[in-house]
1. Just to verify a result, which residue in segment 53-73, among those that are in contact (Cβ under 8 Å) with a residue 60 or more places away in the chain and charged (D, E, K, R), is nearest to ligand 1 (Cβ to nearest atom)?
2. Go through segment 79-95 and give me each residue that's under 22 Å from Arg34 (Cα atoms) and out of contact with any Lys or Arg (no Cβ under 7 Å at 6 or more places or on another chain).
3. Thr108: more than 16 Å from ligand 1 (Cβ to nearest atom), within 25 Å of Gln47 (Cβ to Cβ), of a type in the set (Val, Ile, Thr) and modelled with pLDDT of 95 or more, yes or no?
4. For residues that are closer than 18 Å to Glu78 by Cβ, of a type in the set (Gly, Ala, Ser) and either more than 10 Å from ligand 1 (Cβ to nearest atom) or free of Cβ contacts under 8 Å to residues at least 12 places away in the same chain (or both), tally how many sit in segment 118-144.
5. Out of the residues in segment 80-100 that are among the hydroxyl-bearing types (Ser, Thr, Tyr) and within 13 Å of ligand 1 (Cβ to nearest atom), which is modelled with the lowest pLDDT?
6. Just checking, which of Pro130, Pro51 is modelled with pLDDT of 95 or more and either within 13 Å of ligand 2 (Cβ to nearest atom) or in contact with a Pro (Cβ under 9 Å, 6 or more places away or on another chain) (or both)?
7. Against the conditions (1) more than 14 Å from Phe124 (Cα to Cα); (2) crowded, with 17+ Cβ neighbours inside 10 Å; (3) touching a residue at least 40 places away in the same chain (Cβ under 8 Å), where does Ala50 fall short? Just the number, please.
8. How many residues are within 13 Å of ligand 2 (Cβ to nearest atom) and in contact with an Asp or Glu (Cβ under 8 Å, 6 or more places away or on another chain) if we restrict to segment 82-117?
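The values are calculated or read from the model by the stated rules, or taken from the named source; none is laboratory data. Everything numeric here is computed off the predicted structure, so don't read it as measured data. So basically every Cβ, Gly included, is an ideal-geometry build from the backbone, and we count neighbours across all protein chains shown.
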Amino acid sequence: MIVGGALLAACGGAQKKEGGDDDGGVTANEDLMREHSGLRRILFIYQAAAPKGDDASVLACAKLVRRFVEDYHEHTEETYIFPRLETGTLQPLVATLRLQHQAGRRLTDQLLANPKDTKAIEEFIRMYQPHAAFEDTLVFPAWKKAVGKKAYAELGEQFEAEETKMLGKQGFEHVLAEIAQIEKNLGIADIGIYTP
Ligand SMILES: [Fe+2]
Ligand SMILES: [Fe+2]
């Protein structure tokens with residue numbers, strides 16, 4: 001990605017972040033929503049791998065879910081996002097989302113122990129589609145409004161730092177590369193397969 005990096009550098013300072021790392025100026029909510037799309041691609045893999053009995057793909061995804069979705073993304077939600085909304089009208093939704101994080105962990109435990117557990121895969125997919133959609137459309141916008149402009153920008157920086165701490169440098173990019181590799185192995189890398 002030397003060319004991309006050089007191009008971004010040539011584009012000037014507007015998107016440049018402190019510390020020299022350049023992620024293209026991604027804001028906190030954009031970051032969280034991109035992570036959801038990473039999760040959605042994992043759901044597509046689960047959906048394709050389960051009927052094939054492709055244990056390797058299921059296991060690889062379960063490990064990614066543990067590291068990237070549960071220990072990083074959901075940890076961020078529980079630490080920075082949910083507490084700001086637990087005194088308002090979204091409190092019941094946030095309480096359910098917290099419970100679903102716990103349920104997700106249990107399902108991932110089950111899949112790590114037995115990748116042939118298709119019921120766990122079905123339940124995981126069924127829960128996370130609405131979970132992510134409700135966070136994208138209700139929780140993240142409400143949180144952005146609640147924290148205010150200045151804190152929102154600062155927290156964006158903090159999420160970046162956390163991402164590097166939890167997932168390593170260019171952590172999300174590496175996660176996406178892993179997802180792409182599993183898609184390729186499974187024969188679902190070309191989204192043309194979904195065109196009716
Ligand atoms: Fe969540
Ligand atoms: Fe989420």
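1. For segment 53-73, the residue satisfying everything is Asp71.
2. Once the filter is applied, which keeps residues that are under 22 Å from Arg34 (Cα atoms) and out of contact with any Lys or Arg (no Cβ under 7 Å at 6 or more places or on another chain), segment 79-95 yields Thr79, Tyr80, Ile81, Pro83, Arg84, Leu85, Leu93, Val94.
3. No; evaluated as a whole, the condition is false for this residue.
4. Of the residues in that region, 1 qualify.
5. Filtering first and then ranking leaves Tyr80.
6. Exactly one residue qualifies, and that residue is Pro130.
7. Failed condition: (1).
8. Here the count works out to 5.
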